[in-house]
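The values are calculated or read from the model by the stated rules, or taken from the named source; none is laboratory data. Keep in mind the model is a prediction, meaning the values are calculated, not measured. Neighbour counts are summed over all protein chains in view; Cβ atoms, including those assigned to glycine, are modelled from backbone coordinates with ideal geometry. Calculation scope for accessible area: heavy atoms of the full protein, side chains included, ligands and nucleic acids excluded. Shrake-Rupley method; radii C 1.70, N 1.55, O 1.52, S 1.80 Å.
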Amino acid sequence: QVQLVESGGGLVQAGGSLRLSCAASGRIFKYDMGWFRQAPGKEREFVAAISWSGGSTNYAESVKGRFTISRDSAKNTVYLQMNSLKPEDTAVYYCAKGTSGVKEEDGEYDYWGQGTQVTVSS
């Protein structure tokens, strides 16, 4: 059983930065992990994923060059550094445990956190 708890969300001005954290209760060092987001009235969408070793990452086109996913296996934590934030990044951000690779489909993830709100003002 794995429990995931996101933190680090908040209100920030456009152009600002936030770092989200996802702390796991179970040991996740051998699992691929991902971040997704869901804006009001929109479907949940893929943001970024990282392999269990940290050696492979995958990003949505909309966040490439601005967001960085990383992990600290010793702390059982996954991070999402978000820079140059835009109002369109406003959403609830979720972390999830993957089942097979750094995939973009949410069906490839089996455990989810409760989410953390990120609001970017213009």
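Restricting attention to segment 22-38 and to residues that are in a loop (DSSP other than H, G, I, E, B) and touching a strand residue (DSSP E or B) at 6+ places or on another chain (Cβ under 7 Å), the residue that is modelled with the lowest pLDDT turns out to be 28. Of a type in the set (A, V, I, L, M), under 16 Å from residue 112 (Cα atoms) and surrounded by 15 or more Cβ atoms within 10 Å (Cβ to Cβ): which single residue out of 50, 69 fits that description? That would be 50, the only listed residue that is of a type in the set (A, V, I, L, M), under 16 Å from residue 112 (Cα atoms) and surrounded by 15 or more Cβ atoms within 10 Å (Cβ to Cβ).
Residue 2 fulfils the conditions (1) modelled with pLDDT of 95 or more; (2) assigned to a loop (DSSP other than H, G, I, E, B); (3) touching a strand residue (DSSP E or B) at 6+ places or on another chain (Cβ under 6 Å); (4) of a type outside the set (Ser, Thr, Tyr) except for a single criterion, (1).
Considering only residues that are part of a loop (DSSP other than H, G, I, E, B) and under 18 Å from residue 120 (Cα atoms), look in segment 72-86 and name the one that is most open to solvent (accessible area, probe 1.4 Å). My answer is 86.
For every residue, the table says whether it meets (1) open to solvent by less than 60 Å² (accessible area, probe 1.4 Å); (2) part of a strand (DSSP E or B); (3) touching a residue at least 60 places away in the same chain (Cβ under 8 Å); (4) of a type outside the set (Phe, Trp, Tyr).
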site: 40; (1), (2), (3), (4): no, no, no, yes
site: 46; (1), (2), (3), (4): yes, yes, yes, no
site: 61; (1), (2), (3), (4): no, no, no, yes
site: 95; (1), (2), (3), (4): yes, yes, yes, yes
site: 100; (1), (2), (3), (4): yes, no, yes, yes
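Among the residues of segment 102-122, those identified as farther than 20 Å from residue 24 by Cα and either open to solvent by 60 Å² or more (accessible area, probe 1.4 Å) or modelled with pLDDT under 95 (or both) are 104, 105, 122.
Out of the residues in segment 10-25 that are within 11 Å of the chain's Cα centre (by Cα) and of a type outside the set (A, V, I, L, M), which is surrounded by the fewest Cβ atoms within 10 Å (Cβ to Cβ)?
Residue satisfying both the conditions and the ranking: 19.
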